[in-house]
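Here is the structure we will look at, set down as structure tokens.
The values are calculated or read from the model by the stated rules, or taken from the named source; none is laboratory data. These numbers were taken from a predicted model, which means no experiment stands behind them. Using ideal geometry, Cβ is built from the backbone for each residue, glycine included, and neighbour counts are taken over all protein chains shown. What goes into the accessible areas is simple: the full protein's heavy atoms, side chains included, and nothing from ligands, DNA or RNA. Shrake-Rupley method; radii C 1.70, N 1.55, O 1.52, S 1.80 Å.
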Amino acid sequence: MATKITSKKSAAKKKQPAIKESVGFKGKLTRFLFKAVLWFFGLSIFFVVLFKFVPVPFTPLMVIRVIENKSAGKEFYFSHDWEPIENISINLQKAVIASEDGTFLSHNGFDFRAMQKAYKNNERGRRIKGGSTISQQTAKNVFLWQGRSYLRKGLEAYFTVLIELVWGKERIMEVYLNSIEMGDGVYGAQAAAEHWYRKDASNLTKIQAAGIAAILPNPRKYSATSSSSYINGRKSKIVRIMGHIGKIEY
């Protein structure tokens with residue numbers, strides 16, 4: 001009997017280290033995830049606050065395009081000049097609002113009506129304009145990668161809320177107009193104005209601004225000058241809508 005009891009106690013002692021190791025691993029994993037989340041929130045808030053005052057030097061898309069061109073063996077062209085919003089024509093500001101986000105000045109980062117319309121039209125298989133606002137596009141361009149996934153959309157919503165709270169409308173517009181792709185290797189209003197019209201962004205006319213705004217859905221496919229009938233039609237529509245946009249007050 002004594003031998004059997006000793007054997008059972010010995011078996012019980014052998015099981016204890018395995019249980020402790022399992023609990024220890026879960027605890028370490030939990031602490032790691034907790035720290036990772038804290039670091040993510042800390043860094044994301046830090047960069048959002050930083051870019052409220054500092055020009056955005058480059059975006060993930062710019063890096064991706066460089067890699068794509070090098071991988072394909074294409075000639076590399078890159079143009080990106082940061083300009084304060086006061087140096088960017090009010091015509092271009094109105095043009096992108098008319099083209100991309102008619103409720104930009106009044107919404108809090110999201111246009112749920114446009115999102116719902118886009119979703120319904122997508123179900124019907126129609127060619128549609130996306131439901132993303134200028135705020136959402138800015139959040140995606142500056143902080144995230146391209147593509148479609150629930151994770152990216154969730155992070156896009158998070159950064160959209162942050163920049164709406166920290167930056168405000170004027171800064172969002174300024175970053176948007178200085179960072180988005182406006183041609184193949186062309187980023188921002190100043191680079192686009194020089195590339196398409198050989199002039200400064202401050203001097204863009206209504207039709208020139210509409211030309212840049214018209215190609216934003218696919219700036220590497222379409223041309224702001226010597227445009228197709230489709231883009232010319234978009235230009236005319238954008239100019240008409242611009243006429244209904246009053247004084248912009250951020």
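Structure above, values below:
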{"item": "Residue count, the range 181-218 (criterion: open to solvent by 10 Å² or more (accessible area, probe 1.4 Å) and assigned to a loop (DSSP other than H, G, I, E, B))", "result": "8"}
{"item": "Test: residue in the range 203-222 that is farther than 15 Å from residue 88 by Cα and among the aromatic types (Phe, Trp, Tyr)", "result": "yes"}
{"item": "Long-range neighbours under 6 Å by Cβ, at least six apart or interchain, first residue within 13 Å of residue 180 (Cα to Cα) and touching a residue at least 12 places away in the same chain (Cβ under 8 Å) within the range 50-61, second aromatic (Phe, Trp, Tyr) and assigned to a loop (DSSP other than H, G, I, E, B)", "result": "60/145"}
{"item": "Scope the range 62-100; condition part of a loop (DSSP other than H, G, I, E, B), touching a residue at least 12 places away in the same chain (Cβ under 8 Å) and out of contact with any Gly (no Cβ under 8 Å at 6 or more places or on another chain); matching residues", "result": "84, 88, 89"}
{"item": "Residue count, the range 46-61 (criterion: open to solvent by 80 Å² or more (accessible area, probe 1.4 Å) and assigned to a helix (DSSP H, G or I))", "result": "3"}
{"item": "Residue in the range 132-144 that is within 21 Å of residue 54 (Cα to Cα), buried (at least 22 other Cβ atoms within 10 Å of the Cβ) and either in contact with a strand residue (DSSP E or B) (Cβ under 7 Å, 6 or more places away or on another chain) or of a type in the set (Asp, Glu) (or both) present", "result": "no"}
{"item": "Enumeration of residues in the range 132-176 that are in a loop (DSSP other than H, G, I, E, B), at pLDDT 95 or above and among the aromatic types (Phe, Trp, Tyr)", "result": "167"}
